[in-house]
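This report concerns only the one structure given below.
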Amino acid sequence: MKRLFSTSPLGALRRFAKREDGNATLEFVVVFPIFMLIMGSTFELGTLTIRETILERALDLTVRDIRLGTGSAPQHDELKASICDRAPLLIDCEDNLRIEMIQLDPRAWVSPPDTADCTDRSQEVDPVREFVHGQENEMMLVRVCVKVQPLFPTTGLGDALAKDGAGDYSLIAKSAFVQEPR
């Protein structure tokens, strides 16, 4: 008599290896996580680029206002409000933005500090690092740092970004101008 089914484990293993009905599921299980990682990183990079561009533009427009307003010396809080008003996509901009204004002398050059002054929600509040208006015909560097949260902080690009203790990464923009004579 012929057996309809092989009961040996080796025969069952051979039949399982010859089946092709799970190929699509296996490909999906392997490819889908990689695809989602790439998509998440793409959204993260796009958001980072948009935020950086908006911050640069807001700083450029604010510095332009300073240059054109000859003789005016806006205060720290006025500059912060001006930048944040022009950067609507930066969430909690007033709380997360730090501004430095540093006087530079092109004839006796001293490089400004490499690290920007940024906020860190995981630490106590620090006062403003340096904010000097400068005199007539002096070159001034304005450096702005804002902290933002990644969209996907634990995967892909969001995981690879340098973050502070609160999980935020820094966006830094710089601009220079010369104080016009009054």
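The values are calculated or read from the model by the stated rules, or taken from the named source; none is laboratory data. Everything quoted here is computed from the prediction, not taken from an experiment. Counting neighbours? That spans all protein chains shown, and the Cβs are built from the backbone with ideal geometry, glycine included.
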Could you tell me which residue of the stretch 146-160 is farthest from the chain's Cα centre (by Cα), considering only residues that are without any contact (Cβ under 8 Å) to a residue 60 or more places away in the chain and more than 30 Å from R67 (Cβ to Cβ)? T154
Hits in the stretch 74-94 - residues which are crowded, with 18+ Cβ neighbours inside 10 Å and either of a type in the set (S, T, Y) or within 17 Å of the chain's Cα centre (by Cα) (or both): S82, I83, C84, A87, L90, C93
In the stretch 38-74, what residues are in contact (Cβ under 8 Å) with a residue 40 or more places away in the chain and outside any helix (DSSP H, G or I)? T70, G71, A73
Counting only helices (runs of 4 or more DSSP H) wholly inside the stretch 75-182, the ones holding at least 3 residues that are charged (D, E, K, R) and either at pLDDT 80 or above or touching a His at 6+ places or on another chain (Cβ under 8 Å) (or both) are 76-85
